[in-house]
1. Among the residues of region 6-28, is any modelled with pLDDT under 85, crowded, with 22+ Cβ neighbours inside 10 Å and touching a helix residue (DSSP H, G or I) at 6+ places or on another chain (Cβ under 7 Å)?
2. Among the residues in region 135-146, are any more than 30 Å from residue 277 (Cα to Cα), modelled with pLDDT of 85 or more and surrounded by fewer than 19 Cβ atoms within 10 Å (Cβ to Cβ)?
3. Is it true that residue 41 is exposed (fewer than 15 other Cβ atoms within 10 Å of the Cβ), without any contact (Cβ under 8 Å) to a residue 60 or more places away in the chain and under 19 Å from the mean Cα position of the chain (by Cα)?
4. Confirm whether residue 84 is surrounded by fewer than 17 Cβ atoms within 10 Å (Cβ to Cβ), on the phi < 0 side of the Ramachandran plot, touching a helix residue (DSSP H, G or I) at 6+ places or on another chain (Cβ under 8 Å) and at pLDDT 85 or above.
5. Would you mind telling me which numbered condition in (1) assigned to a helix (DSSP H, G or I); (2) buried (at least 22 other Cβ atoms within 10 Å of the Cβ); (3) over 13 Å from the mean Cα position of the chain (by Cα); (4) at pLDDT below 85 residue 307 fails?
6. In region 165-205, which residues are closer than 17 Å to residue 91 by Cβ and part of a loop (DSSP other than H, G, I, E, B)?
7. In region 161-169, is there at least one residue being more than 22 Å from the chain's Cα centre (by Cα) and crowded, with 16+ Cβ neighbours inside 10 Å?
8. Can you say whether residue 155 is farther than 19 Å from residue 205 by Cβ and exposed (fewer than 14 other Cβ atoms within 10 Å of the Cβ), as far as the supplied structure shows?
């Protein structure tokens, strides 16, 4: 049972969430300095997440040279991360400091659904990207026939549809019976049965991680074998595969560091409504993964840095700017990626 409401702590002045409402919940007023620090942090990280993921989305959508199967999958992941920055981070951040829910009863039911859909879709995107990279490295000759943009788009649609269905399965009681989410005005709680939490751990942590890690190990093994038989004709591809494997490995590692604390908390303290601050904090750490992904792209993909610079200097408003080739600029640049 995850608690989406606030908790009482010591040395806090108790007021009412809605003073003019007789059914109002109590509100814990914290020191002003704590409010300011947390809100500045929330705003900064949320804006940074939105900004970075918008750069990824605009880059892939605008430049025709970036319309590849791999980048279409990265585009879908960036859309999920953008939703996190726009909606989930601000709301979840406010829940860290506010004990009251000020967003209404309807959004109280919808917000957990959005949260679970985006988290499941992000995980699904990582799985699809892992499979795509495995095919590219393990079977490069048949890669063009097995992987194309249409199939990538189809897999993305299936991923988002499955995420919606799965999230509804977990949260159907909260969505169909919203009155269970609160006992007073200004409260918003999410109750999930322990059986569903265990199912969620298996479906969205254990199984996907085993699959992603096994694919990553296979990619590393194949890339290492290719490096032993490298020649001038395959050198460029081998380096590209090695960079792709390294990038995927870092994305997976960051994912695990952000997601595992939440699942540990859900299984240990998730049944205790008095420990909701811990759950909310784990939700926030989980959201931080959406800010890290574009930073990883900027660190390892030179084409992203080039296209981002092109966008920020407003050159995309020039005629035929969509035909700008970041890969060509990457080749001409003396800098090492």
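The values are calculated or read from the model by the stated rules, or taken from the named source; none is laboratory data. All values reported here derive from a predicted model rather than from experimental measurement. A quick note on method: Cβ atoms are made from the backbone with ideal geometry, for glycine too, and the neighbour counts reach across all protein chains shown.
1. Within region 6-28, the subset modelled with pLDDT under 85 is 6-28.
Imposing the further condition that a residue be crowded, with 22+ Cβ neighbours inside 10 Å reduces the set to 6.
Filter once more, so that each one left must be touching a helix residue (DSSP H, G or I) at 6+ places or on another chain (Cβ under 7 Å): 6.
Yes, region 6-28 has at least one match.
2. Step one: of region 135-146, the residues more than 30 Å from residue 277 (Cα to Cα) are 135-146.
Next cut, modelled with pLDDT of 85 or more only: 135, 146.
Right, trim to surrounded by fewer than 19 Cβ atoms within 10 Å (Cβ to Cβ) and you get 135, 146.
Within region 135-146, one or more residues are more than 30 Å from residue 277 (Cα to Cα), modelled with pLDDT of 85 or more and surrounded by fewer than 19 Cβ atoms within 10 Å (Cβ to Cβ).
3. On the way: exposed (fewer than 15 other Cβ atoms within 10 Å of the Cβ): yes; without any contact (Cβ under 8 Å) to a residue 60 or more places away in the chain: yes; under 19 Å from the mean Cα position of the chain (by Cα): yes.
Criteria met by residue 41.
4. no
5. Here residue 307 clears every test but (4).
6. 182, 186, 187, 188, 189, 190
7. no
8. Spelling it out, it is not the case that residue 155 is farther than 19 Å from residue 205 by Cβ and exposed (fewer than 14 other Cβ atoms within 10 Å of the Cβ).
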